[in-house]
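Below: one structure, written as structure tokens.
The values are calculated or read from the model by the stated rules, or taken from the named source; none is laboratory data. These numbers were taken from a predicted model, which means no experiment stands behind them. Here the Cβ positions follow ideal geometry from the backbone for every residue, glycine too, while neighbour counts run over all protein chains shown. The accessibility values were calculated without ligands, DNA or RNA, using every heavy atom of the protein model including side chains. Shrake-Rupley method; radii C 1.70, N 1.55, O 1.52, S 1.80 Å.
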Amino acid sequence: MNLPFAAGGPVIPNFGSAHQYSCERANGLFCWGWFRQNWAGTLWPALRQHVILVLIAVVAGFLISLGLALLAHRYRRVEQPAIVFTSFLYTIPALAFFELLLGVPGLGLNRPTAEIPLVSYTLLILFRNNLTGLRSVPVDVLDAARGMGMSRRQLLWRVELPLALPAIIAGLRIATVSTVALATLAALIDNEGLGAPILSAINDSYFKTELIAAGGLAVLLAVGADGLLVAAQRLLTPWARRRVA
Amino acid sequence: MIVSGVDSESKGATRGEGGVTSGALELEFRGVEKRYPGRREAAIPGLSLTVPAGEVCVLVGPSGSGKTTAMRLINRMIPLTGGDILLGGRSVLERDPTELRREIGYVIQQVGLFPHHTVQDNIATVPRLLGWSRERIEARVREMLELISLDPAEVAGRYPHQLSGGQRQRIGVARALAADPPLLLMDEPFGAIDPINRASLQEGFLALQRQVRKTVVFVTHDIDEAIKLGDRIAILREGGVLAQYAPPAEILDHPADDFVAEFVGADRALKRLGLATLAELELPPLNGDHPAGDVPVTMNVRDALAAVLAAGGRPLRVVGTDGAVHGLATLEAIGAVLRDEGPATVTSA
């Protein structure tokens with residue numbers, strides 16, 4: 001694969017002093033100088049692309065799985081087929097899934113194609129958590145809500161979905177963190193995201209800074225996204241905080 | 001209790017003493033039948049009874065007597081299969097179920113407060129469904145909290161898990177009354193509360209009912225609770241058959257049959273005494289006797305009997321709140337309560 005980042009290595013501008021390349025020459029494990037010089041041109045764009053890849057995958061996966069969960073919540077017979085389907089998708093080996101799509105006619109080597117496996121892998125966990133959340137609403141609460149004259153739609157929006165939020169967000173956290181890791185494989189298809197510098201670094205058996213930088217950014221992104229979701233949950237479900245004794 | 005003009009625009013048959021309520025409606029079961037598919041026996045084979053507006057009707061009976069089913073037929077949580085139920089002369093079957101339910105207060109044993117809503121949002125549930133203005137809802141929530149003797153400043157912003165079981169139950173009642181419904185359904189509302197708090201909730205309910213004067217259908221399996229709270233008691237037997245429908249005193253004085261007699265218990269005479277206070281008795285004068293002690297005239301006769309027995313059967317002096325002596329509580333005077341009841345003084349519906 002022809003990766004522009006890897007072609008001939010990074011272009012290092014001359015800032016004057018020669019000893020600033022000593023880390024690279026000594027083949028140090030992680031060279032800060034290289035990181036700083038390649039941040040704006042390589043790492044930052046890759047990180048941004050990665051965020052978009054993950055965002056699209058999780059949002060699309062969430063909408064599909066929520067639709068499925070709402071159906072299964074209302075019609076029990078939907079649950080089993082939905083679990084079989086989402087589990088099947090989940091069992092496909094990730095590397096094989098991405099590589100397989102490269103050969104499918106009609107699918108371009110672009111972002112939409114890369115999203116197919118990413119979305120697929122989120123469905124199982126999101127579907128299960130959404131359904132668990134919807135089913136976790138206590139029967140007495142449902143009975144009271146119906147008995148006070150809530151329509152089915154009011155029941156869903158005012159009672160069932162808000163009370164399902166903790167389980168829904170728990171699912172989103174797992175799906176998001178795993179998609180951040182998985183999305184590095186999207187580079188196999190459309191050569192974007194943090195997977196691109198990682199793939200280029202894999203081809204370089206000596207210089208590890210690029211691999212560590214991109215991998216590290218993926219880890220930081222996962223941790224950051226998880227933190228954001230935790231904050232969102234605290235904000236959205238103030239009632240779920242444990243009573244302070 | 002505060003008096004506010006919140007309901008000044010709503011029309012009602014009668015107004016309560018405090019202005020928090022706009023009236024009650026008569027409820028009639030007319031040949032009500034409930035059958036479940038695949039079952040030969042009807043859950044309720046044909047129930048007819050009328051609850052006058054503003055009265056508390058307690059449905060009581062053993063499990064399998066269909067008391068909760070009968071209650072849930074009223075707001076169409078369970079569909080009727082025969083007969084009709086009329087609220088204020090109008091069939092509930094003509095009504096859209098969600099609209100009907102917004103006009104009927106609903107309290108259940110587990111309360112079912114929304115855990116994700118604060119106390120004020122819980123109470124505001126039905127007013128919001130009805131599209132009341134924000135100001136009207138806020139005023140109403142305050143009014144409801146004051147009605148159940150909770151401080152709005154203290155509890156309005158709390159979540160249900162931050163409250164005691166008794167507080168939750170009272171808020172459940174406030175929520176049911178918030179939109180000022182003419183009918184209140186209560187399904188074993190105090191069943192999950194410990195005995196001491198249950199007694200105080202029952203007292204609270206009676207005090208509240210004196211203010212709001214709603215038509216209430218109250219389901220319980222506890223005959224003592226039925227006697228304490230009901231203006232009328234409907235005793236149902238297994239199979240959903242109405243065994244007797246009458247005021248508590250009449251049921252205790254004249255049980256319709258052996259089932260009712262057994263259901264109200266061998267101590268029904270004592271329960272009957274609990275319905276009267278010493279003030280209602282003809283007490284013999286003091287006549288220079290030496291009473292063993294004093295009892296207040298407001299005491300119920302059952303407790304007075306216990307006091308007399310504890311004094312070794314010797315008479316006790318009955319004293320009014322103003323200190324005036326009303327006479328002597330003697331075993332004879334107490335026993336007269338039961339003898340006086342001769343032929344029914346109250347008629348069954």
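Note that the protein assembly as shown presents 47 Å² accessible area per residue, ligands and nucleic acids not counted, probe 1.4 Å.
Report the full-extension gain for the segment B:SER164 to B:ASP322: residue separation times 0.36 nm, less the Cα-Cα distance, to one decimal in nm.
53.1 nm
Comparing B:LEU281, B:LEU49, B:LEU73 in a Gaussian network model of chain B where C-alpha atoms under 10 Å apart are linked, the largest mean-square fluctuation is found at B:LEU281. Efficiency by 1/(1 + (r/R0)^6): what FRET value for A:ARG48 and B:ARG136, r their Cβ-Cβ distance, R0 = 60 Å, to the nearest 0.05? FRET efficiency, A:ARG48 to B:ARG136: 0.75. Summarising the strand pairing of chain B, around 50 percent of its internal DSSP beta bridges are antiparallel. Full extension of the chain between A:ASP226 and A:TRP157 gives 22.3 nm of extra length, using 0.36 nm per residue less the Cα-Cα distance. Using a probe of 1.4 Å on the protein chains alone, the accessible area found for A:LEU199 is around 40 Å². With the charge dipole of region A:134-245 set up from +1 on Lys and Arg Cβ and -1 on Asp and Glu Cβ about the Cα centre, the Cα lying farthest toward the positive end among the listed residues A:ALA222, A:PRO197, A:LEU165 is that of A:LEU165. Local charge for B:HIS290 was computed over the other residues whose Cβ lies under 15 Å away, with Lys and Arg +1 and Asp and Glu -1, and equals 0. With the helix formula -39500 (n - 2.57) applied to DSSP H stretches of n ≥ 4, chain B reaches a computed 222 nm mean residue ellipticity of -9500 deg cm²/dmol.
Our estimate of slack between B:GLU262 and B:ARG30, defined as 0.36 nm per intervening residue step minus the Cα-Cα distance, is 80.8 nm. Using C-alpha pairs under 8 Å with a sequence gap of at least 6, the mean separation divided by the residue count of chain B gives a relative contact order of 19 percent.
Summarise the accessible area of the protein assembly as shown (1.4 Å probe, protein heavy atoms) by the percent that is carbon and sulfur.
Values: 16070 of 27960 Å².
Whole-percent figure for carbon plus sulfur exposure: 57.
For B:LYS228, the lysines whose Cα falls under 19 Å of its own Cα, not counting residues fewer than eight places away in the same chain, are B:LYS67, B:LYS214, B:LYS271.
If you sort B:MET71, B:MET299 by accessible surface, 1.4 Å probe, largest first, the order is B:MET299, B:MET71.
Note on the protein assembly as shown: with charges restricted to the Cβ of Lys and Arg (+1) and Asp and Glu (-1), its dipole about the Cα centre is near 1920 debye. Counting charges near B:GLY165 (Lys, Arg +1; Asp, Glu -1) among other residues having Cβ under 11 Å from its Cβ returns a value of +2. Buried accessible surface for the B/A pair, both sides summed and rounded to the nearest 100, is 2000 Å² with a 1.4 Å probe. If you run the Gaussian network model on chain B, springs between alpha carbon atoms under 10 Å, then out of B:PRO315, B:PRO62, B:PRO182 the most flexible one is B:PRO315. Taking amide H as placed 1.01 Å from N in the peptide plane, B:HIS326 has its amide H under 5 Å from the amide H of B:VAL318, B:VAL319, B:GLY320, each at least 5 places away in sequence or on another chain. If only the Cβ of Lys and Arg carry +1 and only the Cβ of Asp and Glu carry -1, the dipole of chain B around its Cα centre is close to 1080 debye.
Our coupling estimate for region A:42-56, obtained by passing each phi through the Karplus curve with A = 6.51, B = -1.76, C = 1.60 and θ = phi - 60°, is 10, 6, 4, x, 5, 5, 4, 4, 4, 4, 5, 4, 5, 4, 4 Hz, Gly and Pro reported as x. Label-to-label distance, B:SER149 versus A:ALA60, with points set 7 angstrom from Cα along the beta-carbon direction: 6.2 nm.
Ordered from largest to smallest accessible area (heavy atoms of protein chains, 1.4 Å probe), the residues A:TRP44, A:TRP157 come out as A:TRP157, A:TRP44. Given +1 at the Cβ of Lys and Arg, -1 at the Cβ of Asp and Glu and no other charges, the dipole of region B:214-284 around its Cα centre is 240 debye to the nearest 20.
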